[in-house]
Amino acid sequence: MSTQTLEAANDSQINSVEMEETVARIRSHKGVEAVIIMDRRGAVIQSTLSEDQSTAHASALSELTGKASNVVGMLNQNEEDGDDELTFLRLRSKQREVMISPEKGFILVVIQNLSLVES
Amino acid sequence: MVLRPSKSVPTTKGNRNPVVKEDLAKPRRSHPSSATKSRKPSNAPKVPRKKKPKERPSDDQPAFQGPVKRIIKPENQLELSDKELDEDVSRILTGDDPNVPKNVCKYSYKDKCYKPDPPGQGDNMATHFSILGTTLHIDSEECKKYQDNEATSDETTAVNDTKVTLECQTSTSRDSGSAAVGASLHIKNQFNYSERATQTFNNPLRSRGVHTTPPPITQFSEQANQWIIYDSYKSECLISMMELKHDGGSRSTSFEDKLASIVAGKDDEAATERSDMMHSESMANALKIMGRLVNQNAEDDIFTDFKYYEDPADSAKPGHGTLLPLWRFSNSRTSRKQVTSLCWNPRYDDLFAVGYGSYDFTRQSTGVVCCYSLKNTSYPEYAIRTESGVMCLDFHADHPSLLVAGCYDGNVSVYDISTGSNKPIYSSSIRSGKHSDPVWQVRWCAGRSSNKEMNLYSISSDGKVAIWTMSKNDLKMEPVMLLKHNNLSKDDFGEPPLTGLAAGCSFDFNASLESLFVVGTEEGNIHECSKAYSGQYIKTYDGHHMAVNKVQWNPFHADIFLSCSADWTVKIWDHKSPQCLLHFDLGNAVGDVCWSPYSSTVFAAVTTDGKVHIFDLSQNKREPLCSQKVVTKARLTNVSFNSNDYILIAGDDRGQVHSLKLSPNLRQLHSANENSEDEALQKKRLMKVLSTINKNYAT
């Protein structure tokens, strides 16, 4: 059992390193202001922002995501094979783009400042 | 009690004897009579009288006599007559102590000189008797106060204590009256007062002890770290949940309990989910998509160009085209390596693999294969590291995740890029056979062999063309063709080659005739071979003067193929004719050529001066439509067209891959239906073009 757990730990270790690298890569892109990972209820799991900011963002965005998936569910009711699901949410403002990727159990959010990209 | 001699006493002039002095000094001890005697000078005549009784005891003894004073005159005492004796000499007795010195000088710090210090008030006082006690003198002021206080106090207590104080009364004076008696009742004095104390037995000490058997000792040691704690909590939780379930049938649990158990279970699940979720596949997927999105936002202008930009200059200048540089794919891992091969994925037309290695014999190191996607231009989707430099790559047409790589050390490895691991699923070994020189080209066999194993071909500069069979356990190598020097007889004056085989550089298989393939060699010859005859060439073209870097059949016309060489030329051949149909001199060594996938008459070539040349034979049979410098300092080594979009990628020897968009003039399709010009038409068009050169191609 111990070897199994060790292996499992090892596996996730490698995975987590890769994950960290990917997050770092995303952050290194032009204009990326924040990368937030939270659960479906809006509790921050990982964030590149300060604690206050990320909790504020997380609560607002999780609510928005919940509503969006409700909308998708409503649309779904009219159809017969009802297994449609919200997969992505892009929110474009004059300055920013908020990209929300709702997955099972968590929400990944990236906020990119496009005015920085333009310049 | 202090005696203060203050009276002046008349003394006789000559009475200076020590006896008198003694009397004065100690008046109490002296007999009163002697004092009176000494005071009066008339006592002097009695001296002889006194001498008589002293003589008397010696005469008639023992007579009862008191103490006798004998007066001994000093010898130098003046003899005074009676008259002189009777003369009164007055003396004053003062209270001053003659023993106290009167001539004491003390240093005065105030006046800074010595000053006589006369005896002060207390200096002359001599204390003869003092006693401390509780008795009060009856005449004293204090006593009166005391008595007054007592008189006012209760009389009855005084009566009760009368007996006790009767004895005390004797010490006080009789004439003090009844009030004085009452007052003295409560005076404690030191004579009849005593404290009393009683000693009793101390409690004797006793000690009692009982021996019991010692409690059993066991030693227990355990290491605790986070996962052990986690495991134990987990197991405990499981046990408790099991118990809950077990009890659920027999015992009716309250609603709250059930709720609590459900919540506990859910929380537990949520916790494990969360820890797994952070490293789950969906997380990786979400991150991948997010990375692509962010990249597309960041490089929005390039993506817009890629999709929509058409060079307006093309309409003004027919017969000329331009290339629009789009992304540049590079990576810190590959910056010091050369791009040796490019290969688009046959199924996912945004995905391409880049092989990195080195053409330089002296600068060989490890190799890398990077798979980039146009959806994320900043970072490779997959990266595979190899021990030796990668020289060539090929994706399998039916299994788009299977990638074969030929290496500089002669090994051939098959990777499954979808696993993302560095380890090949098949790799050649010395036991199963490998090339002894760099592998210059690999190519999957279309379809499968009779026993449903996948095959691939490779060519190496060791003079072999080999077929590899992917069996269950390993990759088996079988030589298909040995590239013999067939022109030794012709020019035997030249130096004979070291090996008996010609070094192969490139090959390509004919699409329509399965067994037919052409091979380009390092010497510059191009041989037409067949899989069926491994010993000899079907035909040898007198191709180039230097190494043939690439041969490629036309994708629409099965007889036509293209070759390029380091001798600066690109040639177009018909496999039926030993002479080339067309040749183009590009002024620099040509690294690679590639037919376009959308037009039978368009091909691209890259040269070492960093230029990309695009030819369209239907528009211009002699000149390229476009010769554009893509890189300034690097040499271009490879080129490849995308099958779907009008872009091509070119690799250089600095590890960079440049993507270029073809302007409208470079991709003219001579058909009403632009998107699907069918093969027959394409073939017809190429033949039409070529017929103008060679009469054999008359339609």
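The values are calculated or read from the model by the stated rules, or taken from the named source; none is laboratory data. Computed from a predicted model, the values in this text were never measured in an experiment. With ideal geometry, Cβ positions are generated from the backbone for all residues, glycine too; neighbour counts draw on all protein chains shown. The accessibility values were calculated without ligands, DNA or RNA, using every heavy atom of the protein model including side chains. Shrake-Rupley method; radii C 1.70, N 1.55, O 1.52, S 1.80 Å.
Only one of the numbered conditions (1) at pLDDT 85 or above; (2) under 18 Å from B:Met283 (Cβ atoms) is not met by A:Gly105, and that is (1). In segment A:72-93, which residues are within 14 Å of chain B (Cβ to nearest Cβ), open to solvent by 80 Å² or more (accessible area, probe 1.4 Å) and either over 14 Å from the mean Cα position of the chain (by Cα) or over 24 Å from A:Val44 (Cα atoms) (or both)? Residues satisfying the conditions are A:Glu85, A:Arg92. Would you say B:Lys621 is surrounded by 22 or more Cβ atoms within 10 Å (Cβ to Cβ) and basic (Lys, Arg)? No, not satisfied. Counting only helices (runs of 4 or more DSSP H) that fall entirely inside segment B:170-288 and contain at least 2 residues that are at pLDDT 55 or above, within 43 Å of the chain's Cα centre (by Cα) and more than 14 Å from chain A (Cβ to nearest Cβ), the qualifying elements are B:226-250, B:255-277. One residue stands out in segment B:73-86 among those that are open to solvent by 100 Å² or more (accessible area, probe 1.4 Å) and touching a residue at least 40 places away in the same chain (Cβ under 8 Å): the one that is farthest from the chain's Cα centre (by Cα), namely B:Asp86.
So that you can scan it fast, the table gives a plain yes or no per residue for (1) open to solvent by 30 Å² or more (accessible area, probe 1.4 Å); (2) under 26 Å from B:Gly524 (Cβ atoms):
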| site | (1), (2) |
| --- | --- |
| B:Pro578 | yes, yes |
| B:Ser596 | no, yes |
| B:Ala604 | no, yes |
| B:Thr607 | no, yes |
| B:Thr632 | yes, no |
| B:Asn644 | yes, no |
| B:Ile647 | no, no |
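Specify the residue that is farthest from A:Val44 (Cα to Cα); the eligible residues are those in segment A:106-119 that are at the interface with chain B (Cβ under 10 Å from one of its Cβ atoms) and open to solvent by 30 Å² or more (accessible area, probe 1.4 Å). That would be A:Glu118.
Tallying residues that are open to solvent by 20 Å² or more (accessible area, probe 1.4 Å) and not in a helix (DSSP H, G or I) within segment B:289-325 yields 12. Every listed requirement among (1) of a type in the set (S, T, N, Q); (2) over 42 Å from the mean Cα position of the chain (by Cα); (3) at pLDDT 85 or above is met by B:Asn451 save one, (3).
Could you list, in sequence order, the residues of segment B:381-392 that are within 14 Å of chain A (Cβ to nearest Cβ) and open to solvent by less than 10 Å² (accessible area, probe 1.4 Å)?
Correct list: empty.
For the residues A:Ser54, A:Ser50, A:Ser69, A:Ser59, the requirement of being away from chain B (no Cβ under 13 Å) and in contact with a Pro (Cβ under 7 Å, 6 or more places away or on another chain) singles out A:Ser69.
Might you check whether a residue that is touching a helix residue (DSSP H, G or I) at 6+ places or on another chain (Cβ under 6 Å) and open to solvent by less than 80 Å² (accessible area, probe 1.4 Å) occurs anywhere in segment A:51-67? Within segment A:51-67 (the criterion being touching a helix residue (DSSP H, G or I) at 6+ places or on another chain (Cβ under 6 Å) and open to solvent by less than 80 Å² (accessible area, probe 1.4 Å)), the answer is no, since none of the residues qualifies.
Among the residues of segment A:42-51, some residue qualifies, meaning at least one is part of a helix (DSSP H, G or I) and either closer than 18 Å to B:Met278 by Cα or at pLDDT 85 or above (or both). Residues that are of a type in the set (Phe, Trp, Tyr) and outside any loop (DSSP other than H, G, I, E, B) were ranked within segment B:525-569; the one that is surrounded by the fewest Cβ atoms within 10 Å (Cβ to Cβ) is B:Tyr533. Which one of these is within 14 Å of chain A (Cβ to nearest Cβ) and modelled with pLDDT of 85 or more: B:Asp301, B:Asp305, B:Asp349? Just a single option satisfies the conditions, and that option is B:Asp301. Of all the numbered requirements in (1) within 14 Å of chain A (Cβ to nearest Cβ); (2) in contact with a His (Cβ under 9 Å, 6 or more places away or on another chain); (3) within 30 Å of B:Thr608 (Cβ to Cβ), B:Arg333 misses one, and that requirement is (2). When B:Asp82, B:Asp88, B:Asp96 are checked against the criterion of being modelled with pLDDT of 85 or more and in contact with a helix residue (DSSP H, G or I) (Cβ under 9 Å, 6 or more places away or on another chain), B:Asp88 stands alone in meeting it.
Remark: pairs (first residue in segment B:412-440, more than 23 Å from B:Ala503 (Cα to Cα) and assigned to a helix (DSSP H, G or I); second residue open to solvent by less than 20 Å² (accessible area, probe 1.4 Å) and of a type outside the set (Asp, Glu); Cβ separation under 6 Å; 6+ apart in sequence or on different chains) = B:Ile417/B:Cys371; B:Ile417/B:Leu403.
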